[in-house]
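Here is the structure we will look at.
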Amino acid sequence: MRFPRQLTLELTAKCNFRCPYCYCVWHEYPALAKPELDATAWRTILDMCAADGVTDLLFTGGEALLRSDLFEILDHARRVLPEARLSLFTNASRLDETLIKKFRRRRIHLATSLQGLATYGAMTGTRRSYRRILAVIARAAELKWPMAVSMTITKANLAEAADMFAAAALSGAQAIQVGPVIWGGRAAACPSLMISRNAWEEVKRRIRALPDAHVPYTFCDEFICSCRADTPRPLLEKWADKNRAPCPAGKTFGVVGPNGLYRTCLHAMPTGIRRTGCAGTPTETAKGEKK
Ligand code: SF4
């Protein structure tokens with residue numbers, strides 16, 4: 001098998017947030033998370049990426065910044081793929097000026113998510129405030145290494161979606177991606193978070209009506225992903241969209257999970273993996289202090 005040109009590498013299943021909408025498949029399929037590969041194994045995968053001509057690598061998790069050997073992996077990636085676009089997705093809880101400069105030196109682009117304003121704590125399952133994430137986005141822009149920002153719209157943060165967009169734009173986001181929560185991961189156990197198509201169209205209308213902040217943005221309209229063979233049929237039928245372009249999963253992009261197993265997309269999984277239930281519920285919050 002050859003890797004497609006664009007690849008997401010999920011470096012760890014560990015995360016210090018407990019977002020109720022988290023799409024990570026190991027919340028339902030724990031076998032996909034373990035055992036986590038060590039840096040040597042990731043270096044081998046990166047060598048394979050170089051041999052296959054991968055041009056676009058996104059490092060993510062879980063929370064990739066929890067790996068103490070992260071830069072060992074990233075430096076190897078830069079060595080064997082000198083011209084590739086390398087990016088890292090982080091919840092930014094550990095991101096600071098020193099780290100932003102380290103990523104900038106290595107030409108590793110940064111992306112994060114803004115999950116809410118008033119709802120930030122509930123949307124991340126922590127006691128954190130949105131203020132720090134906006135400050136990090138702003139500092140990255142000041143350092144001339146601006147971050148891409150994504151937002152997942154659920155019933156919980158629906159009312160403030162346009163405000164979230166404006167806050168990210170005014171903080172210096174390089175680009176913004178907005179999408180509705182999709183069925184899968186922890187969200188598969190949280191159907192109450194799903195929004196209706198009408199609500200989603202209203203979110204798009206409100207964002208388009210904002211004054212132009214000169215920030216490029218995209219809307220992800222995938223809603224319910226048919227990659228998931230076990231998606232409940234009524235959900236699939238409800239969101240079926242005849243105009244949807246054929247999914248390029250596995251053709252132009254793919255995913256390597258924390259244990260090295262290849263999947264054709266973030267939501268799909270290799271055959272033979274057993275579903276064992278979802279860790280976390282929408283009412284579950286982080287225990288103890290701010291993480
Ligand atoms: S969605 Fe939230 S819980 Fe899931 S990996 Fe990202 S930050 Fe962690």
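The values are calculated or read from the model by the stated rules, or taken from the named source; none is laboratory data. Model, not experiment: these values are computed from the prediction. Note: ideal-geometry Cβ built from the backbone for every residue, glycine included; neighbour counts use all protein chains shown.
Number of residues in the stretch 3-24 that are closer than 22 Å to Gly250 by Cα and touching an Asp or Glu at 6+ places or on another chain (Cβ under 9 Å) equals 9.
Thr40 satisfies every condition listed in (1) more than 21 Å from the chain's Cα centre (by Cα); (2) of a type outside the set (D, E, K, R); (3) crowded, with 19+ Cβ neighbours inside 10 Å except (3). Scanning the stretch 140-170 for residues that are outside any helix (DSSP H, G or I), more than 15 Å from the ligand (Cβ to nearest atom) and not aromatic (Phe, Trp, Tyr) gives Leu143, Lys144, Pro146, Lys155. The single condition from (1) surrounded by fewer than 19 Cβ atoms within 10 Å (Cβ to Cβ); (2) closer than 23 Å to Leu58 by Cβ that Ala140 fails is (1).
Out of the residues in the stretch 1-32 that are within 16 Å of the ligand (Cβ to nearest atom) and among the basic types (Lys, Arg), which is farthest from Asp69 (Cα to Cα)?
Arg18
Inside the stretch 171-180, residues that are out of contact with any Ser or Thr (no Cβ under 6 Å at 6 or more places or on another chain) and either more than 16 Å from the ligand (Cβ to nearest atom) or closer than 14 Å to His109 by Cβ (or both) make up a count of 6.
Sub-9 Å Cβ pairs linking a first residue in the stretch 61-87 that is under 11 Å from Leu11 (Cα atoms) and among the acidic types (Asp, Glu) to a second residue that is more than 16 Å from the ligand (Cβ to nearest atom) and modelled with pLDDT of 95 or more, at least 6 apart or interchain, are Asp69/Asp38; Asp69/Ala39; Asp69/Trp42, ordered by first then second residue.
Within the stretch 48-107, being out of contact with any strand residue (DSSP E or B) (no Cβ under 8 Å at 6 or more places or on another chain), surrounded by 14 or more Cβ atoms within 10 Å (Cβ to Cβ), basic (Lys, Arg) and more than 20 Å from Ile133 (Cβ to Cβ) holds for one residue alone: Arg67.
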